[in-house]
Every structure is written in structure tokens, then in C-alpha cells.
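Please read the structure below before turning to the comments.
The values are calculated or read from the model by the stated rules, or taken from the named source; none is laboratory data. Note that the structure is predicted; figures quoted are calculated from it, not measured. Note: ideal-geometry Cβ built from the backbone for every residue, glycine included; neighbour counts use all protein chains shown. Accessible surface is based on the protein model in full, side chains and every heavy atom, while ligands, DNA and RNA are left aside. Shrake-Rupley method; radii C 1.70, N 1.55, O 1.52, S 1.80 Å.
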Amino acid sequence: MELEGKRVVITGAAGDIGGATARRCVEEGASVMLLDIDENAIAAAAAEHASLLHYRLDVTSSADVAAAAAAVQERMGMIDLLFLNAGIEQPHAPFIDLDEALFDRVMAVNVKGVFLMAKHFVPIMRDGGSIVITASIASLMGLPGNAAYSASKAAVAGMMRSIATDCAVRGIRCNTVHPGSVNSRMMARSAEAATGGGDTTLFYEQVSAMAKLGRMVEPVEIAEMVVFLGSDRARMVTGQSLVVDGGTVA
Ligand SMILES: NC(=O)c1ccc[n+]([C@@H]2O[C@H](COP(=O)([O-])OP(=O)(O)OC[C@H]3O[C@@H](n4cnc5c(N)ncnc54)[C@H](O)[C@@H]3O)[C@@H](O)[C@H]2O)c1
């Protein structure tokens with residue numbers, strides 16, 4: 001097993017990508033702490049398996065994040081894999097119409113949340129651990145009406161390279177995973193918004209056609225990359241942006 005005996009912390013663990021990753025980590029022998037703002041959802045997910053723990057936090061709150069780090073250390077000890085995956089999308093809007101408060105909210109969750117989590121959790125990581133941050137292909141290509149989201153995901157890719165440099169002395173690696181369009185509730189919300197609640201068939205056909213492999217990415221296909229990056233097989237991979245998109249930005 002790839003993650004036998006490892007201790008894993010996942011933010012956004014109530015979501016599709018976080019949930020799929022938690023399941024794959026358990027299959028690979030890890031203990032997993034599920035962190036999310038949605039307490040009921042992580043409690044329900046944690047009830048599925050004995051090696052799943054959970055703790056509610058808002059990643060934009062330094063008090064919440066500090067308390068979560070203390071709780072994780074008490075319940076798990078030092079951790080091996082930190083998957084910083086909590087994120088929010090923005091309603092598609094031309095940047096000129098984008099509300100300033102919405103811009104700030106996207107940056108707070110997607111960028112400041114990653115910073116706070118890394119700041120408070122790296123001190124409770126074992127030397128040789130791995131940090132994986134969920135970015136997006138939105139950081140690598142122009143997508144319409146996505147200025148705040150694209151900026152936030154480009155920001156964490158930049159932050160990742162600096163964290164990878166700072167943490168190298170402890171053998172801690174840091175990388176970003178950049179999903180393409182994932183078959184997920186987040187995508188369903190985008191489809192509903194784009195179609196005004198109408199027929200989403202054309203939306204999904206167009207999204208699927210953007211990928212050279214002709215379909216959306218399944219959440220578990222992101223999870224596979226996270227498991228790899230958390231395993232010793234990726235022991236010389238750090239400071240990298242790994243794209244899992246079926247060839248959309250190729
Ligand atoms: N779904 C896609 O197509 C897609 C594509 C590229 C990148 N991503 C990124 O993947 C990550 C996971 O997305 P997903 O598809 O699983 O979405 P999702 O909406 O299913 O999951 C996101 C989770 O983050 C949690 N969250 C939101 N704000 C939070 C906060 N302040 N504190 C703690 N938790 C918070 C939510 O409660 C939710 O459970 C996100 O960072 C997203 O931007 C998704």
C-alpha cells in the first residue's frame with residue numbers, strides 16, 4: 001500500500017475531490033483527518049470508516065486553523081500528507097461586472113486559506129512529508145468570466161514554489177494539482193448557473209469537448225495524483241504544477 005501508516009489531513013474534505021481523496025488514502029493504509037466548514041457533511045463522511053476523523057474549521061480564520069492544528073496534533077500526532085483542497089468557485093461574470101466583495105471572498109478562501117493552513121500545519125508535519133495544493137487549469141489558460149478564481153489559483157501555484165523552497169531543508173515537498181473540468185457538484189453548480197437552471201446537456205458536451213480525451217475528469221482521478229504525490233514514489237517531486245485535465249491545456 002502506498003500510504004501505509006501515514007497520517008493525512010484534507011481540507012474541503014466534504015467535497016467531491018476531498019472525499020474521493022480521503023477514500024483513496026484510507027484504501028492505501030492511511031489515517032485521515034477530514035477538515036471542512038460543513039460539519040454535518042464531514043461527520044457523515046467520517047462515520048463511513050474507523051480511520052476517518054473529522055474537525056470543523058473555516059480556513060479563512062486563523063483562530064480556527066490554529067485550533068484545528070492543535071486538535072490534529074492531539075488526536076493524530078505528527079502528519080505526513082497535507083492536502084490543501086478547500087476552495088470556492090465564483091459565479092461566472094465578466095471581470096468588469098465582478099463584485100469587489102466576491103473577489104475578496106474568493107481570495108480569502110482560495111489563497112489566504114492555503115497560507116494559514118500551511119503556516120499552522122507545517123510545524124506539525126514530519127520531516128519528509130508532502131503538501132499538495134489544489135489549483136486549477138484556470139491558472140494556466142484564459143477562461144471566460146473567471147478573473148477572481150483564475151487569480152486565486154495562479155496565486156497558490158506561486159505560493160507553492162515558495163513553500164517548496166522554504167520547506168526543502170526539512171525534506172518536505174510541496175506541489176500543486178491542477179484539475180481540468182471535474183465531474184462534481186462544483187461543476188453542476190456552474191452548469192446550473194450557465195444555463196439558468198435549464199437543460200445542461202450542451203454545457204456538458206462543450207466542457208467535455210475541451211479535453212482532448214473527450215470527457216470530464218472524475219474526482220478519483222485527482223485523488224490518484226494526490227496519493228502519488230503523498231507517496232515515497234514521488235520523493236524527488238517538489239515545486240511542480242501537475243495538470244490532470246485530459247489534455248485541455250495541452
Ligand atoms: N470541480 C471542478 O471542476 C474543479 C476544477 C478545478 C479545481 N477545482 C478545485 O478543487 C477543489 C475542490 O473542489 P470540489 O470540486 O471538490 O468542490 P466542492 O464544492 O465539492 O468542495 C469544496 C469543499 O470546500 C469546503 N469549503 C469551502 N469554503 C471553506 C472554508 N472557508 N473553510 C473550510 N472548507 C471550506 C466546502 O464546504 C466543500 O466541502 C477546490 O479548491 C476547487 O477550486 C475543482
Within region 143-176, the residues that are open to solvent by less than 30 Å² (accessible area, probe 1.4 Å) and in a helix (DSSP H, G or I) are Ala148, Ser150, Ser152, Lys153, Val156, Ala157, Met160, Ile163, Ala164, Cys167
Are there any pairs with C-beta distances below 8 angstrom linking a residue in region 27-39 that is in a loop (DSSP other than H, G, I, E, B) to a residue that is surrounded by fewer than 14 Cβ atoms within 10 Å (Cβ to Cβ) and among the acidic types (Asp, Glu), with the two at least 6 apart or on different chains, and if so which? Glu28/Glu4; Gly29/Glu4; Ala30/Glu4
Inspect all residues belonging to region 177-192 and state whether any of them is aliphatic (A, V, I, L, M) and in a strand (DSSP E or B). yes
Do you know which of the residues in region 221-246 that are polar (S, T, N, Q) and over 16 Å from Ser136 (Cα atoms) is most open to solvent (accessible area, probe 1.4 Å)? Thr238
Can you name every residue in region 1-15 that is away from the ligand (no atom under 12 Å from the Cβ), part of a loop (DSSP other than H, G, I, E, B) and not basic (Lys, Arg)? Met1, Glu2, Leu3, Glu4, Gly5
Test Ala193 against the criterion of being of a type in the set (Gly, Ala, Ser), open to solvent by 60 Å² or more (accessible area, probe 1.4 Å) and touching a residue at least 60 places away in the same chain (Cβ under 8 Å), and give yes or no. yes
Mind checking which pairs have a first residue in region 15-26 that is under 15 Å from Gly5 (Cα atoms) and a second that is open to solvent by less than 10 Å² (accessible area, probe 1.4 Å) and near the ligand (Cβ under 8 Å from one of its atoms), Cβ under 7 Å, 6 or more apart or different chains? Ala22/Ala13
